[in-house]
Amino acid sequence: MIILHTIGYGGRHPQDFVALLAQANIGLVCDVRAEPRRAYRGIYTFNPEKESGPLPRLLAQVGIAYDWFPELGNPDRQDPEIRAFQQLMIQEAERRLQRLRACVQVMRVCLLCAEQDAQRCHRRIITAYLTAYGYSVQHL
């Protein structure tokens, strides 16, 4: 059985965040935020135009790769019911999950978003689809 991990960085100190990932032997952090430029502890985490940022550098220090998955981002952060993302997944789950499923086959993966509570985050929708494919999910 393939285990997929998820993590929310909100409220975590960067070193504690990285330690959790390292303890779980994560090889790739998959950023599923629609807007990765959002500040993390006062710094921008990722700049898609430059394909770099403080978060990928922090992860690289402990041998963890980083990739942004815009196709799995929640398009409406103001919607507490996450309806827009649910609708997108109903219509296009197979296409939106294709790249992520390929990564999970070759390394330990962790989905990243800002919300620490996975049940209040769109990660729960992503993982619900993946459990239907037989994956096991562990929230860090």
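The values are calculated or read from the model by the stated rules, or taken from the named source; none is laboratory data. These numbers were taken from a predicted model, which means no experiment stands behind them. Note that each Cβ is placed from the backbone with ideal geometry, even for glycine, and that neighbours are counted across all protein chains shown. Calculation scope for accessible area: heavy atoms of the full protein, side chains included, ligands and nucleic acids excluded. Shrake-Rupley method; radii C 1.70, N 1.55, O 1.52, S 1.80 Å.
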| remark: Subset of segment 84-109, residues charged (D, E, K, R) and open to solvent by 70 Å² or more (accessible area, probe 1.4 Å), comes to E94, R95, R99, R108
| So L100, is it closer than 16 Å to V29 by Cβ, at pLDDT 90 or above and in a strand (DSSP E or B) | no
| said: So the check is Cβ under 6 Å with 6+ separation or different chains; which pairs have a first residue in segment 112-127 that's within 12 Å of A34 (Cα to Cα) and a second one that's of a type in the set (D, E) and at pLDDT 90 or above? | reply: L112/D31
| Could you list, in sequence order, the residues of segment 58-97 that are in contact (Cβ under 8 Å) with a residue 24 or more places away in the chain, in a helix (DSSP H, G or I) and out of contact with any helix residue (DSSP H, G or I) (no Cβ under 9 Å at 6 or more places or on another chain)? | P70
| note | In segment 14-52, anything open to solvent by 10 Å² or more (accessible area, probe 1.4 Å), in a loop (DSSP other than H, G, I, E, B) and modelled with pLDDT under 85 is listed as E35, R37, R38, R41, G42, F46, P48, E49, K50, E51
| request: Go through E81, E92, E71 for me and flag whichever is of a type in the set (D, E, K, R), at pLDDT 80 or above and more than 16 Å from R124 (Cα to Cα). | output: E92
